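Peer 1: Structure incoming, see below.
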C-alpha cells in the first residue's frame, strides 16, 4: 500500500475523531456555563424568597400593631362619649339652677 493511499484513509478518520473530541469539549464548557448561570439564578431566587419572607413577618407585626391601635381608638371613643354625657348633664344642671 502506498503512503498516499494510507494517508487518504487515515486523514478522514482522524478528522472525524478530532471533530468528535472538539464537540464534546464544547458541550462540556457549555454545560459548565449553563450550570453557573443556573446556580446564579437559584441563589438570586433564594435571596428574593428570603426578602419576601422578611416582608411577610414585618407585615404581620404591623397588622398586630394596627389591630391594637383600633382597639385603643375604640376605647377612647367610648370614654369620650361618656365624658360628653357627663358634661351635658353638668351643663343641664347648671342651667336648671
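Throughout, read-outs are computed from the coordinates displayed, never taken from laboratory work. None of the values given here were measured: they were computed from a predicted structure. Please note: Cβ atoms are built from the backbone with ideal geometry, for glycine as well, and neighbour counts cover all protein chains shown.
Peer 1: What is the extension gain from residue 41 to residue 16, computed as 0.36 nm multiplied by their sequence separation minus the C-alpha to C-alpha distance, in nm to one decimal?
Peer 2: On the way: separation 25, 0.36 × 25 = 9.00 nm, distance 3.70 nm.
Gain on extension, residue 41 to residue 16, equals 5.3 nm.
Peer 1: Taking 2.2 N^0.38 Å as the expected size of a compact globular protein, what ratio does the Cα radius of gyration of the chain give against it, to two decimals?
Peer 2: 3.33
Peer 1: Can you tell me how much longer the chain between residue 51 and residue 34 gets when fully stretched, taken as 0.36 nm per residue apart minus their C-alpha distance, in nm with one decimal?
Peer 2: 3.5 nm
Peer 1: Between residue 64 and residue 23, what's the calculated FRET efficiency when r is the beta-carbon distance and R0 is 41 Å? Round to 0.05.
Peer 2: 0.10
Peer 1: Next question. For the chain, take the longest principal axis of its alpha carbons; what is the angle in degrees between that and the long axis of helix 3-96, to the nearest 10 within 0 to 90?
Peer 2: 0
Peer 1: Quickly estimate the mean residue ellipticity at 222 nm for the chain, helices only: each DSSP H run with n ≥ 4 gives -39500 (n - 2.57), and the total goes over all residues, rounded to 500.
Peer 2: Details: 1 runs with 94 residues, N = 97.
After summing the helix terms and dividing by residue count, I get -37000 deg cm²/dmol.
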